[in-house]
Structure formats: C-alpha cells, structure tokens
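Below is one structure, written out as structure tokens; comments come after it.
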Amino acid sequence: MAENNFLTVVAVIAVVLSLLNIGIIIVKVPVIKERITGFASSGYVNVTVSTQITINLTTDTINWGSGVINAGQENASLNTNGALTATVLRGNWTTTPTAIVIANIGNVNASLTLGAGKTAATFFGGNAGDQAYQWNVSNKDVGSCNGGTEVMNTWRNVNSTAVPGKFCAQFGTLLAANEIYLDIKLVIPKLATLTGAQSDMITVTADPAG
Amino acid sequence: MVSKKAVVVLVLIAIVLSIISAAIFYVDSDFGKNYGTGEKTTDSGSAKVSIVINSQPQEVQGNG
C-alpha cells in the first residue's frame with residue numbers, strides 16, 4: 001500500500017513537472033532565440049557571412065513596339081539612352097524604352113559577362129551593311145563596373161567575340177556604386193527579310209570577380 | 001486508496017506531456033536545424049529585346 005502511494009505521488013509530481021516544462025518552453029523559447037541572435041553583454045559571437053553573388057535586372061525589357069521605316073529611307077536606327085528618352089531615327093517606333101539596368105545586390109564584387117541569342121543577321125536578315133544589333137555598357141552609378149576586357153561606353157556588335165564578353169571584372173556591391181546600364185541599338189534594314197514580331201534574349205551572367 | 005491502474009495512467013500522462021514538450025521545443029527552436037553555408041558563387045538573369053517590324057509602304061511612282 002505504502003509503495004503504491006509513493007508511486008502515485010511520484011507520478012503526480014511527474015505530471016506537474018511536465019506541465020510546468022511545457023509552459024516554460026512555450027514562454028521561454030522565443031526569449032532564448034532572441035538572446036542567441038541579439039543579446040550580448042560580453043564574449044564572442046562567431047558569425048561566418050557566406051559569399052553571395054546575386055544580380056538583379058531591375059529593368060529587363062526593351063519593347064520598341066510596332067513601327068515602320070520611313071518612306072525613302074534605307075534603314076531605321078533605334079537606341080536606348082540610359083534612363084532618358086530613346087532615340088528613333090528614320091522610323092516611327094516608340095521612344096519610351098529605357099536601358100536594361102543590372103544591379104549587383106550580392107555581398108561581394110562579381111565579374112559580368114553578356115551574351116545575346118541573335119546577331120543582326122539572325123535578327124533582321126537582309127543586307128549586312130544596312131543593319132546592326134549592338135550594345136553599350138555604361139555605369140549608372142559612377143565606379144560600378146571596372147576592369148573588363150570589353151570596352152565600355154561604346155556601341156559594339158553583340159556577341160562580337162567568340163567567348164561571351166566580360167564587361168566588368170569588378171562589378172561593385174556598394175549601394176552607391178552597384179548599377180550599370182545596358183543600352184541596345186538596332187539598325188533595321190529596309191530590306192529586312194525577317195519582319196513582323198522579332199525578339200531576342202540577352203543573358204547576363206555574374207561570376208566571381210577577377 | 002489509489003489503484004495501480006491510476007498510477008500507470010498518471011505515468012503515461014507524464015510521458016505524453018514530456019513528448020509534447022520535446023516536440024514543441026524541437027519545432028519552435030533552431031535545435032537540429034542545418035542552415036547550410038548559403039554560399040552562392042554565380043548568378044544570371046535575362047532581358048528581352050522585342051520589336052515589330054512592319055513592311056515599308058510601297059513608294060508610289062509618279063507619272064509626270
């Protein structure tokens with residue numbers, strides 16, 4: 001009998017302790033987590049920040065809409081101008097497109113290469129002398145892009161090198177120096193064989209800096 | 001007089017409550033979680049260039 005009563009008391013204590021345990025855990029776990037991540041009176045907090053290369057194309061579409069080459073002209077020329085109004089010569093396409101904007105939102109400098117899916121010949125067809133598909137990389141934020149093998153601030157045929165062109169060896173991550181413009185220029189020949197809706201995809205790749 | 005059955009029931013309740021307690025701790029804390037290194041050494045994106053090219057109107061030939 002006495003043994004039975006003792007076991008009962010132990011069991012009741014166990015139940016009470018378990019209930020107490022649940023209560024403490026529910027109340028204290030958030031407090032413990034907060035202290036682990038944000039409370040320090042003294043001592044060491046050892047944190048490793050991992051390398052993160054991340055780019056963001058904040059403007060990723062250039063849509064010239066529908067248009068035609070002016071009568072009597074051999075071609076029309078269209079190009080974006082950073083954030084400013086686009087230039088359209090000898091044609092009636094819209095001037096609303098702005099440059100593609102690429103931002104480095106990672107936590108380390110990166111290198112940047114560009115590749116287009118088409119060339120002028122595969123974009124328009126027609127006479128090679130009257131057409132162009134070019135890009136021009138420039139800093140949106142001063143000092144964003146440095147050390148690439150491709151020339152900046154100059155119109156160059158897309159995919160002009162066999163290996164995708166590296167425009168930045170050091171694409172910065174500082175908030176005030178982490179954005180570039182990618183302007184696009186199209187020269188559409190009068191005798192384009194590929195008319196109607198045409199498009200191309202430009203691939204931007206970020207790799208470790210250098 | 002407490003029966004043995006009642007004692008067994010109480011012990012079982014205690015065990016169940018302990019398991020619940022452990023489960024809450026496991027779910028609500030970071031215990032046992034592996035967040036990995038988070039390293040990412042490459043990224044890419046794409047942009048689209050599109051246009052609709054209409055045929056140039058035929059030039060009308062004058063007749064004097």
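Every number in this text was worked out from the coordinates using simple rules, so none of it is lab data. Source: prediction; values computed, not measured. Backbone-built Cβ (ideal geometry, glycine too); neighbour counts: all protein chains shown.
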Q | Angstrom value of the Kirkwood radius, inverse mean 1/r, which spans all Cα pairs in the protein assembly as shown | A | 24.2
Q. Given H placed 1.01 Å from N in the peptide plane, which residues other than close sequence neighbours of A:T59 have an amide H under 5 Å from its amide H?
A. A:V101
Q. For B:S44, B:S21, what's the fewest-to-most ordering of other Cβ within 10 Å of each Cβ?
A. B:S44, B:S21
Q) Please state the equivalent ellipsoid semi-axes for the stretch A:144-186: what are the square roots of 5 times the Cα gyration tensor eigenvalues, largest first, in whole Å? A) 21, 13, 7
Q | Solvent-free Debye scattering, log10 I(q)/I(0), computed from the Cα coordinates of the stretch A:52-120 at q = 0.15, 0.19, 0.25, 0.26 Å⁻¹ | A | -0.64, -0.86, -1.13, -1.16
Q: Any of A:K118/A:K140; A:K118/A:K185; A:K118/B:K48; A:K118/A:K166 with alpha carbons more than 21 Å apart? Name them for me.
A: A:K118/A:K140
Q) How far is helix A:2-38 tilted off the main Cα axis of chain A, in degrees rounded to 10, range 0 to 90? A) 30
(Q) I want to check the label-to-label distance for B:A6 and A:N127. Put each point 7 Å from Cα in the C-beta direction and report it in nm to one decimal. (A) 10.7
(Q) Loop-only chymotrypsin sites (Phe, Trp or Tyr not before Pro) in the stretch A:104-164, please: DSSP not H, G, I, E or B, and at most 10 other Cβ atoms within 10 Å. (A) none
Q.
Cut-off is 10 Å between beta-carbons; in what order do A:S144, A:S18, B:S46 appear when sorted fewest neighbours first?
A. B:S46, A:S18, A:S144
**Q.** Residues with amide H under 5 Å from that of B:S46, placed H, sequence gap 5 or more
**A.** A:V204
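Write down the Å³ per residue value for the convex hull defined by the alpha carbon atoms of the stretch A:55-208. Spell out each step's value before the answer.
Numbers: hull volume 15.2 nm³, N = 154.
So the per-residue Cα hull volume is 99 Å³.
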